[in-house]
Structure formats: structure tokens, C-alpha cells
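What follows draws every value from the coordinates through simple rules; no lab data is involved. None of these values were measured; they are calculated from a predicted model. Don't worry about glycine lacking a Cβ; one is built from the backbone with ideal geometry, like all the others, and counts go over all protein chains shown.
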Amino acid sequence: MPDIVAIIGCARSGSTLLEGKLQQAADVTALGEVAHLWSRGFLRDELCGCGAAFSRCEFWMEVLARAFGKLHASDARRFDAAFRTAVGGVVHVEARVWRPHAVDPLFADLARALYRAAHQVGGGKTLLDSSKPAHFAASIAATGGARVRPLHLFRSPAPNIQSLRTAKPRPQARDAAHAMMPRSRTLAHAIAHWVFRNAQASNFLDQHKGRSLTIHFDAFRRDASAELPAIMARLGLPARRAGDSPTWHSVSGNPLRFQPNGLDVRAQDRTSDGLNAVERALVRVLTGRQQMRLEARAFRRASTDAAARHAA
């Protein structure tokens, strides 16, 4: 049965950077945002993180062949609909969305076959999935086909919300219609996205009985060299052997995957969130209490890890 570390939380929270750093340091197979595999990978044939078009990526072609045999566009459209349902909220009750439902049987069959094949092709290593919606991770866990360990990554509200409102190019796109990352057109929508996605992630961790943790992206960015070993230890991820440089087959994710210095943590330092004074005050009022709870949770984890390192 595959082990999956599911990075959950809000979009534009730094999940691609964290996944990339983890796949460099830990002996894992990083898959990117698997929730978008059918739409962005199979149907649009966008670029994999390895730089090849999805249809020419040897890793993903072997995974799909093992899992499903010969596939057609009609199959992929039907499979994508099942994945969209899971992303959109038809989930296991543990995710605590407003109206939880049972997992779609088609999604359960697809997810079990897909992750099992990725586990085999990846050499039996732990899988990383940075899809982010907590209800998608809960749906995977509910299939019974994998052991899911959630990693809740959150970013401070103001810069995260401003990022959600900013259009960014997508070099992985193969057509003009999808050349830009989607953005929130209003401040209210961006705030609601941050609040809801992080609340779902927190609730999922509260219900999860296995290994899990909460990471503050800003703390990770400030001291990644200390944070990475602590994250790996908490999740039980073995260190990668020296000299082993695996290819990152991220099926979807932030465009920094294709930038020469994309995984340079220092290059991700952004001191200005771009909000005006009124917008910043509104964000603080609507997210402040939740932000404090998330920071307290991350601080408790960091303090426990630091005490363990000191004792050792």
C-alpha cells in the first residue's frame, strides 16, 4: 500500500517550493498536483516538471499504462470529471465540508490504481502530492488504497491573498487559453479562499490519527536548512543518498519548477504584499484570529522538534 504525504492548504501558499525542496532532500517520489493530472496533463498535454510534454514523459506514460492500459481522450474526460468532483467537495466526512458525502466509487477505483502504479514506477518510495484541497486528500484516504499523511502548509494571509489576486504566466501551457494562472478577481473571493482552505486543512488534521504536521511557509523560508530535517523526521521520510539527483515529475504546479533558481528559498523572499492600507486592515480583521491559531499550532510543532533535537 503506498504512503502519500499530501500537502494541503490554500493555493499560492508555497507548496511547489516545499515539494521541490523535499524531493531534493528526502528519498521520495514527488508527483506535483495530481488533482489536475487528467485536465492539464493528459487532455492539454502540458509540460511535466521534467521538461517533457506529458505525452512524452516516460514516468507518467508507464504509470498510466500500468494503472489503466490504453487510454483515450473520452476516458480522460470521464476520469477528470471524477477528480473534479473530489476536488469540489464530494468527500469523506473527515474533511468536514458543509455537506460531506461518500466518495465517488469511480474516483476510488481511479485513485487506488493511479497511486499504486506511481508507487511501483517510483521504486516503492513515499509519494508527495501537492494538490492542496484537504477534501481531495480526505477522498484519497477514504479509498483505503493508501496511507495518507497530511502536511498543512499555510502562508501569512496578506501576501498569500495578494498572490491569489495576481496573474502569473504558465510556461507549461501548450495553448494561449491556459497561458496564465487563474486569479481571484475580488479581494473578498481571495480572503474567502484563504479562510476556507486553511480551515478545511486544520479540520482534517484534527481528525487524522496518523503522522501529520502544520508548517508556516514564512518560517520555512527563513530557515529551510533547519526546517527540512525536522519535517522529514516528523513524517518519517528517509534522507536521499548523496549524489542521487532524481527527476521531478510534477504533473502540475507553480511555474517556479521551470525557473533556473526556482527552488532558491532566498529568491522567494517577498517583503511587500501589495495591499493598500484599507485592504490590509480588512484582511487582518477577517483572518487575524485564524492566523494566530495556525501560527500557534506551527510554533508548538517547531518547539517540540527543537526540544527533541536538543535532547538528542
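Miscellaneous remarks
- Distance from the range 169-216 to the range 45-92 (C-alpha centre basis), Å: 20
- With helices as the sole contributors, the chain gives -15000 deg cm²/dmol at 222 nm; each DSSP H run of n ≥ 4 counts as -39500 (n - 2.57), and the sum is divided by every residue.
- For the chain, the residue among Ala118, Ala176, His216 whose Cα projects farthest onto the positive side of the dipole built from Cβ charges is His216.
- Debye intensity ratio in log₁₀ form over the Cα atoms of the chain, taken at each q of 0.09, 0.10, 0.14, 0.15 Å⁻¹: -0.43, -0.53, -1.11, -1.30
- Under a 5 Å amide H cut-off, with hydrogens placed 1.01 Å from N, Ile7 pairs with Asp129, Ser130, Ser131, Lys132, Leu151 among residues at least 5 apart or on other chains.
- In terms of packing, defined here as the mean over residues of other Cβ atoms within 10 angstrom, the peptides 64-72, 33-41, 77-85 line up highest first as 33-41, 77-85, 64-72.
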